[in-house]
1. Looking only at the stretch 5-17, count every residue that is exposed (fewer than 15 other Cβ atoms within 10 Å of the Cβ), under 11 Å from the mean Cα position of the chain (by Cα) and touching a residue at least 24 places away in the same chain (Cβ under 8 Å) and tell me the total.
2. Considering 32, 38, 42, 20, which residue is touching a strand residue (DSSP E or B) at 6+ places or on another chain (Cβ under 9 Å) and within 17 Å of residue 80 (Cα to Cα)?
3. Which residue pairs have Cβ atoms closer than 7 Å, lie 6 or more positions apart in sequence or on different chains, and pair a first residue in the stretch 18-30 that is exposed (fewer than 11 other Cβ atoms within 10 Å of the Cβ) with a second residue that is part of a strand (DSSP E or B)?
4. Output the residues belonging to the stretch 21-36 that are at pLDDT 95 or above and over 13 Å from the mean Cα position of the chain (by Cα).
């Protein structure tokens, strides 16, 4: 799936990944390919982007918003990277 992570000032990640793991106000969520459309708020301390054969990319955040769009596209907006 295609994932894009943006802060107020910069692009933190754009690319393909197999999973995205994040903390929401209702608990941990794992986004996989072909996930249903969804919009949710995110809480810290981090989100993890998983790519097969690579070490997970962890991005620290205090809070943010995650949108899963159709066609396996995920957009994450975070207020500040920590």
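The values are calculated or read from the model by the stated rules, or taken from the named source; none is laboratory data. Since the structure is predicted, the reported quantities are computational estimates derived from the model, not experimental observations. Cβ sites come from the backbone with ideal geometry, for glycine too, and all protein chains shown count toward neighbours.
1. 0
2. After applying the criteria, what remains is 42.
3. 25/41; 25/43; 28/21
4. 27
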